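To start, the structure itself, in structure tokens.
The values are calculated or read from the model by the stated rules, or taken from the named source; none is laboratory data. Since the model is a prediction, treat every value here as computed from it, not as a measurement. In this analysis, Cβ positions are derived from the backbone assuming ideal geometry, glycine residues included, and neighbour counts consider all displayed protein chains. Heavy atoms of the whole protein, side chains included, go into the accessibility calculation; ligands, DNA and RNA do not. Shrake-Rupley method; radii C 1.70, N 1.55, O 1.52, S 1.80 Å.
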Amino acid sequence: MNKMEKALAELGTMDELSARKSSIHSLHAGAKLLVTVAYIVIVMSFHKYDLSGLIPMLLWPVLLFQISGIPVRTCFYKLRIVLPLVMAVGLFNPFFDREIILRVGSLSVSGGVISMLTLMLKGVLCLMASFLLVATTPFDRICAALRAVHFPKTLVTLLLLTYRYVGVLTRELAVMTEAYHLRAPGQKGIHISAWGSFLGQLLLRSMDRAQEIYAAMLLRGYDREFRYAAERRFAMKDVAYTLIGVSLFLLLRFVNVSGLLGSLFVR
Amino acid sequence: MIEFKKVSFAYETGKEVIRDLSFTIRGGEAVGLIGANGAGKSTVMKLLLGLLFGEGEIISAGLRLDKANLPLIRRKTGFILQDSDDQMFMPTVYDDMMFAPLNYGMTKEEAERRVDEVLERLELQALKHSYNHKLSGGEKKMAAIATILAMEPETILMDEPTAALDPYNRRLIIRRINGLSQTKLIASHDLDMILDTCERVILLSEGRIAADGKAEEVLRDKALLEANHLELPLSLSRR
Ligand SMILES: Nc1ncnc2c1ncn2[C@@H]1O[C@H](COP(=O)(O)OP(=O)(O)O)[C@@H](O)[C@H]1O
Ligand SMILES: [Mg+2]
């Protein structure tokens, strides 16, 4: 199996993960969507130096990984391409913000380092939360939930097609790299002189394919509503999940939990 | 019923690929649409489904093809795409089969019953909960047919249904096609398959009809076929 086929198989397993059964999987997509959005908003709202306040927010994804049975490894393995990008965001902070704001023994830490770490952690937390949503909820259900709260049809359809398009893109890429290597045996990677035409081809071919898929959807009654992915009604457990999630986030955000714990142990 | 009345069509690139095309297919007929690569077979199907619009008049599923009738026409017409990967866009066979019935307002229980009934008819029960990306080419084609039958269409259009299938799966598909009672239009250059499944053949050449008649007669015309980059079916050339 070449790298691309592997990437494709991985995307396939995204669907397999979301088809598993667990008490998280069985929750209403709307509840999970709402809690995920709340989580991301609250994580992003932490102050740029509040690293110690942010760390307890790890609790939520860790809990979800536990209960849903989704392996943490899978998450980081799948996100290995995006993770460095997210981590790179705060990389320059230490150069701009040199004011010392923390001393641990003889070690002095500048604001830039703290804000870099905070930003990185924020990125990782948000990625994990989004991953958990997609890994525990079939994608069409998420779209149905978005429609239920009156997200614009066109936007939701675009989102769904993007999700499918990623699959098409990797498949086309697999076919094309294979064809390339059959004609250039023994060559590692794709020669730089072929990149331009290769990318152009890839784009054209995958656009064609995406169009076919959209046509196939239209021909079977898709009208940008998501009746085929309709959910049951909100149940007690969905309300409970939402309330527990959101109040926990608020608690972690506005009560200095690590400070409290710290003083508890120090005393 | 399907009818083309002086239909012409050109892609944006300008070249006219369907020229003044007229033909009629009665309800219940099985018609093979043959012709060289690029003759316009796939374009005819897309016109019939309102995925493309040209000049002239088209009657599809007994209705005049226009914006207002389009949803009903599409509901009554099943299209088996050449590439099953594009047809099977949901995670599992079951999800894909439920897609159309649920979109058309059927309850989950009704849809489920229909899915089971189709799977049983095609002897595909074992694939019900399979992931599409794990199916073999032959299985995927059969599953694609199943998703279409779950719509209970009046007319079935198939674009190259035997392309890229091994001999075993090819025979299986032919058997299944023959088991379908709907009006069928099958585009292909697999002339042996056409001979086995269709009583009538329309030969397209550069967007025009080069021949239209009984399958055995058209498919026996060596000179005509060769002029269209096609070959006599094996079963007819042996004698
Ligand atoms: N999307 C498109 N844009 C421009 N030209 C196209 C497109 N699709 C097909 N064609 C052209 O239209 C002609 C008929 O194509 P098609 O209907 O796919 O033929 P067939 O299915 O018989 O092989 C060909 O010359 C082809 O190059
Ligand atoms: Mg074609």
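Side notes on the structure shown:
- Any hit, the range B:201-210, residues being without any contact (Cβ under 8 Å) to a residue 60 or more places away in the chain, under 28 Å from B:G38 (Cβ atoms) and away from chain A (no Cβ under 14 Å): no
- Extreme residue, nearest to A:D238 (Cα to Cα), among residues of the range A:19-75 that are under 16 Å from the mean Cα position of the chain (by Cα) and in a loop (DSSP other than H, G, I, E, B): A:I70
- Near pairs, Cβ below 7 angstrom, 6+ apart or cross-chain, from the range A:187-204 (within 15 Å of A:T170 (Cα to Cα)) to any residue that is assigned to a helix (DSSP H, G or I): A:F198/A:M176; A:Q201/A:M176; A:L202/A:E172; A:L202/A:L173; A:L202/A:M176
- Selection count, the range B:15-27, where residues are open to solvent by less than 50 Å² (accessible area, probe 1.4 Å) and either more than 7 Å from ligand 1 (Cβ to nearest atom) or in contact with a Lys or Arg (Cβ under 9 Å, 6 or more places away or on another chain) (or both): 4
- Unique match (being open to solvent by 10 Å² or more (accessible area, probe 1.4 Å) and within 16 Å of ligand 1 (Cβ to nearest atom)) among B:E120, B:E160, B:E112: B:E160
- Only one of B:L72, B:L33, B:L65 that is within 24 Å of B:S181 (Cα to Cα), touching a helix residue (DSSP H, G or I) at 6+ places or on another chain (Cβ under 7 Å) and more than 16 Å from ligand 1 (Cβ to nearest atom): B:L65
- The number of residues in the range A:133-178 being assigned to a helix (DSSP H, G or I), over 30 Å from A:I190 (Cα atoms), in contact with a helix residue (DSSP H, G or I) (Cβ under 9 Å, 6 or more places away or on another chain) and not charged (D, E, K, R) comes to 16.
- Residue match in the range A:139-151 (condition: β-branched (V, I, T), buried (at least 18 other Cβ atoms within 10 Å of the Cβ) and under 24 Å from A:S68 (Cβ atoms)): yes
- Candidates B:A100, B:A146: the one that is part of a helix (DSSP H, G or I) and more than 9 Å from chain A (Cβ to nearest Cβ) is B:A146.
Conditions tested, residue by residue: (1) at pLDDT below 90; (2) within 8 Å of chain B (Cβ to nearest Cβ).
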{"residue": "A:M207", "(1), (2)": "yes, no"}
{"residue": "A:Y222", "(1), (2)": "no, yes"}
{"residue": "A:Y228", "(1), (2)": "no, yes"}
{"residue": "A:V246", "(1), (2)": "no, no"}
{"residue": "A:L250", "(1), (2)": "no, no"}
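- Of all the listed residues (A:R164, A:R183), the sole one being more than 23 Å from the chain's Cα centre (by Cα) and open to solvent by 20 Å² or more (accessible area, probe 1.4 Å) is A:R183.
- Complete set of residues in the range B:164-191 that are open to solvent by less than 20 Å² (accessible area, probe 1.4 Å), within 16 Å of ligand 1 (Cβ to nearest atom) and either over 20 Å from B:K41 (Cα atoms) or small (G, A, S) (or both): B:A187, B:S188
- Qualifying residue in the range B:60-80 (condition: in contact with a Pro (Cβ under 8 Å, 6 or more places away or on another chain), farther than 20 Å from B:I18 by Cα, assigned to a helix (DSSP H, G or I) and more than 10 Å from chain A (Cβ to nearest Cβ)): yes
- Screening the range B:60-92 for residues that are in contact with a Phe, Trp or Tyr (Cβ under 8 Å, 6 or more places away or on another chain) and open to solvent by less than 30 Å² (accessible area, probe 1.4 Å) and picking the one that is modelled with the lowest pLDDT gives B:P91.
- Residue check, B:R175 part of a helix (DSSP H, G or I) and more than 14 Å from every other protein chain (Cβ to nearest Cβ): yes
- The residues of the range B:103-143 that are within 23 Å of A:E16 (Cβ to Cβ) and at the interface with chain A (Cβ under 10 Å from one of its Cβ atoms), listed by number, are B:K108, B:A111, B:H129, B:Y131, B:N132, B:H133, B:K134.
- Scanning the range A:209-255 for residues that are loosely packed, with under 15 Cβ neighbours inside 10 Å and within 18 Å of A:V41 (Cα to Cα) yields A:L243, A:I244, A:S247, A:L250, A:L251, A:F254, A:V255.
- Qualifying residue in the range B:37-49 (condition: more than 14 Å from chain A (Cβ to nearest Cβ), aliphatic (A, V, I, L, M) and either within 16 Å of ligand 2 (Cβ to nearest atom) or over 30 Å from B:P233 (Cα atoms) (or both)): yes
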